[in-house]
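The block underneath contains the structure these notes are about, expressed in structure tokens.
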Amino acid sequence: MTVLRIVTNIATDSIPEVRTFYSDLFGLDAVMDHGWLVTLASRETTFPQISIAIEGGSGTPVPDLSIEVDDVDEVYLRAKKIGCRVVYDLTDEPWRVRRFFIADPTGKLLNVLSHLR
């Protein structure tokens, strides 16, 4: 048996608002739209992962989603520009990750990160 994909489902009363948030901030495209469910995706190949944690690192809460990007500084500036609520400011962590936390329109806590090289 092989896991082919892991999909995160976000409950909302406003699909357009949440769709716009994730599309604008992360450049995700709609790959399926049934009206009652919209699936956004990157065209990059990724590996399915599930993280299990008692904290989010550096004393932070466990985020609902972790989204790795190629340029966390660019996404941070974009997030600030569109008025995202920053919950944990842009930080270089001792485990060689640069990240910040924001809340999406539904209140989900997002860990946005890039690995330091």
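For the stretch 1-38, taking the residues that are assigned to a helix (DSSP H, G or I) and of a type in the set (Asp, Glu), the one that is nearest to Glu74 (Cα to Cα) is identified as Asp24.
Any chance the stretch 31-48 includes a residue that's touching a Pro at 6+ places or on another chain (Cβ under 8 Å) and among the charged types (D, E, K, R)? No, there is no match, as no residue in the stretch 31-48 is touching a Pro at 6+ places or on another chain (Cβ under 8 Å) and among the charged types (D, E, K, R).
Is it fair to say Val31 is among the hydrophobic types (A, V, I, L, M, F, W, C) and closer than 22 Å to Arg117 by Cα? No, not satisfied.
Residue-level check: of (1) within 30 Å of Met1 (Cα to Cα); (2) touching a residue at least 24 places away in the same chain (Cβ under 8 Å); (3) open to solvent by less than 90 Å² (accessible area, probe 1.4 Å); (4) of a type outside the set (Phe, Trp, Tyr), Thr60 misses just (1). One residue is enough: does the stretch 24-45 have a residue meeting the conditions open to solvent by 40 Å² or more (accessible area, probe 1.4 Å), acidic (Asp, Glu), at pLDDT 95 or above and under 13 Å from the mean Cα position of the chain (by Cα)? Yes, some residue in the stretch 24-45 is open to solvent by 40 Å² or more (accessible area, probe 1.4 Å), acidic (Asp, Glu), at pLDDT 95 or above and under 13 Å from the mean Cα position of the chain (by Cα). Filtered by the rule that a residue be crowded, with 17+ Cβ neighbours inside 10 Å, touching a residue at least 24 places away in the same chain (Cβ under 8 Å), closer than 21 Å to Val18 by Cβ and of a type in the set (A, V, I, L, M, F, W, C), the stretch 72-117 gives Val75, Ala79, Cys84, Phe100, Phe101, Leu109, Leu110, Val112, Leu113. Before we move on, is Val7 under 17 Å from the mean Cα position of the chain (by Cα), open to solvent by less than 60 Å² (accessible area, probe 1.4 Å) and over 24 Å from Thr91 (Cα atoms)? Judged against the criteria, Val7 is not a match.
Only residues that are of a type in the set (D, E, K, R) and touching a helix residue (DSSP H, G or I) at 6+ places or on another chain (Cβ under 8 Å): list them for the stretch 48-92, please. The answer is Arg78, and nothing else.
The values are calculated or read from the model by the stated rules, or taken from the named source; none is laboratory data. The shown structure was predicted, so the numbers you read here are calculated from the model rather than taken from an experiment. Please note: Cβ atoms are built from the backbone with ideal geometry, for glycine as well, and neighbour counts cover all protein chains shown. Just the protein is used for accessible areas: all its heavy atoms, side chains included, with ligands, DNA and RNA removed. Shrake-Rupley method; radii C 1.70, N 1.55, O 1.52, S 1.80 Å.
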